[in-house]
Amino acid sequence: MIEVSNVNKSFGGVPVVRDLSFRVAPGEKLVLLGTSGSGKTTTLKMLNRLLEPDGGTIRINGTDIRGQSPEVLRRGIGYVIQQGGLFPHYSVFENVAVVPRLLGWPEGRIRERVAYLLDLMALPPAQFAAKRPAELSGGQVQRVGLARALAADAPVILLDEPFGALDAITRSHIRREVSE
C-alpha cells in the first residue's frame, strides 16, 4: 500500500507539488495525468527518495519512507525514467541484472529472469544481451529500462512515461504484458 498525505515540494520558492494526497492499495494502478511541469515526475522521485518532500508524509506498507535508507527503499521499487536511465558502460544484460545482483540473487536465477524479460520486451537475448545502450534505438532503450524495473519483482513499480519512445504496435503489446 502506498499512502501519500499532504505532500508538498517547491523549487526555488516555486511550488511544484501542493498538498498531494492519495492511496494505492496492493494490486491497484494509479495514473498521474497533467501538463508538463505539473509535478508528475517530481512526485515519482519523492516516492523513491530521489527528492525529499518539503512537507507531508509518504508511507509504503505502513512505513514512513524517511525511516529507510534511500538505497534499501529503492531496491524494493522498480522505476522507469523518461529517457531510460541505463548505465552506458553496462551491457543490456548487466543493466537489467543490476537490482537482482544487489539483492544477492543466484546467478542462474538472474540469467533466467533477464532472458525472460528481454523476450517479453521483444529484445531477443542472443541479439541484445551483449549490446551497450549506445547501440540501441530510443525504443529499445525504453524497453531495457522497463525490463530493469521489472527484474526484481518489486512490489512497487513507478513508470514515468515508459511507453513514450515506443511505436504503437510495440506499445500495445508491452502494455498488455506489463499489466498482467
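Coordinate-derived values only; no laboratory data. This one's a predicted model, so the numbers in the text were calculated from it and none came from an experiment. Here the Cβ positions follow ideal geometry from the backbone for every residue, glycine too, while neighbour counts run over all protein chains shown.
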What's the center-to-center distance, using Cα atoms, between the range 73-100 and the range 1-60 in Å?
22
Between Rg and the Kirkwood Rh of the range 1-73, both from Cα atoms, what is the Rg to Rh ratio?
0.95
Of 32-42, 52-62, ordering from highest average Cβ density within 10 Å down gives 52-62, 32-42
Mind sorting L86, L30, L159, L103 by how few other Cβ atoms lie within 10 Å of their own Cβ, fewest first?
L30, L103, L159, L86
Computed helical MRE - 222 nm, the chain, DSSP H runs ≥ 4 contributing -39500 (n - 2.57), nearest 500
-11000 deg cm²/dmol
Rounded to two decimals, what is Rg over Rh for the range 1-137 when you use alpha-carbon atoms and the Kirkwood radius?
1.02
Summing Lys, Arg as +1 and Asp, Glu as -1, what charge do residues with Cβ under 12 Å from the Cβ of T41 carry, T41 excluded?
+1
